[in-house]
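Quick notes on the structure that follows.
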Amino acid sequence: MITIHDLDKFYPVGNGQRFQALKGINLQVDQGEFVAICGKSGSGKSTLLNIIGCLDTFQSGEYTFLGQNVGKLTDKQAAAIRNQHIGFVLQDFSLINNKSVLFNVMLPLYFGKTPYNKMKEMALEALKKVELSSQAHKRANQLSGGQRQRVAIARAIVGNPELILADEPTGALDSETSAKIMELLQEMNDRGITIMVVTHDSSVANCCKRIITIKDGAILSDQSNA
């Protein structure tokens, strides 16, 4: 599914200087894996996730996703991959607070050509999977933190993606709610969806089947967590 070879990422920092955020990354992720990407703040783990999600570019190396050379895609082609194959779950949930739960889950589908009734059906099915069908018509800001994160997961899976990328998905939640969110991601993985989770929390990482540790922009270790 994902093949990365000798990937480097630089950011300009002024006066013609550059900061190297990722250094010679080599990584292979197969369909159906459940992977944690760990490291301290500033280690490069979120940068790597953004590149995998076609949200950011890179300067050298190669990244292939589902057989496509991502480095050679146009912005429009990269956007199509994001919309059709990848779901995102973020720490701050990124919900539209004054809109309904149903609207928030349907949002990714608006970028396609799906008829409204079909979008609604798909969104309700996604909410059923995260056990929030009864909250569909509430506004997002009326929900608890754990419920909001479940809405974010429903939004991530509504288009039936092959890959879910979760950036610190439990960072704003208490330990009990965090455990429930990780159980939910495990259920998604059991259905065949590939999951990649960025975290600095060892308890979250230990829920995953593979743990990749990044330090100073380079992969320090890559271990099975069977």
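Computed values, structure above
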| quantity | calculated |
| --- | --- |
| Test: residue in region 22-40 that is among the small types (Gly, Ala, Ser), surrounded by 14 or more Cβ atoms within 10 Å (Cβ to Cβ) and modelled with pLDDT under 95 | yes |
| Only listed residue being over 18 Å from residue 165 (Cα atoms), assigned to a strand (DSSP E or B) and open to solvent by 60 Å² or more (accessible area, probe 1.4 Å), chosen from 62, 125 | 62 |
| Selection from region 99-116 of residues that are open to solvent by 50 Å² or more (accessible area, probe 1.4 Å) and at pLDDT 95 or above | 99, 103 |
| Filter pass, residue 78 being more than 30 Å from residue 121 (Cβ to Cβ) and open to solvent by less than 20 Å² (accessible area, probe 1.4 Å) | no |
| In region 137-150, the residues that are open to solvent by less than 10 Å² (accessible area, probe 1.4 Å) and either under 14 Å from residue 173 (Cα atoms) or without any contact (Cβ under 8 Å) to a residue 12 or more places away in the chain (or both) | 149 |
| Those residues of region 78-95 which are more than 14 Å from residue 154 (Cα to Cα) and in contact (Cβ under 8 Å) with a residue 40 or more places away in the chain, in sequence order | 83, 84, 85, 91, 92 |
| Verdict on residue 173 being within 30 Å of residue 25 (Cβ to Cβ) and modelled with pLDDT of 95 or more | no |
| Residue within region 163-175 that is touching a residue at least 40 places away in the same chain (Cβ under 8 Å), surrounded by fewer than 16 Cβ atoms within 10 Å (Cβ to Cβ) and either of a type in the set (A, V, I, L, M) or on the phi > 0 side of the Ramachandran plot (or both) present | no |
| Complete set of residues in region 82-112 that are in contact with an Asp or Glu (Cβ under 6 Å, 6 or more places away or on another chain) and of a type outside the set (A, V, I, L, M) | 85, 91 |
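The values are calculated or read from the model by the stated rules, or taken from the named source; none is laboratory data. Remember, predicted model here, so these are calculated numbers, not experimental data. Glycine gets a Cβ as well: all are built from the backbone with ideal geometry, and neighbour counts include every protein chain shown. Accessible surface areas use protein heavy atoms only, side chains included; no ligands, DNA or RNA. Shrake-Rupley method; radii C 1.70, N 1.55, O 1.52, S 1.80 Å.
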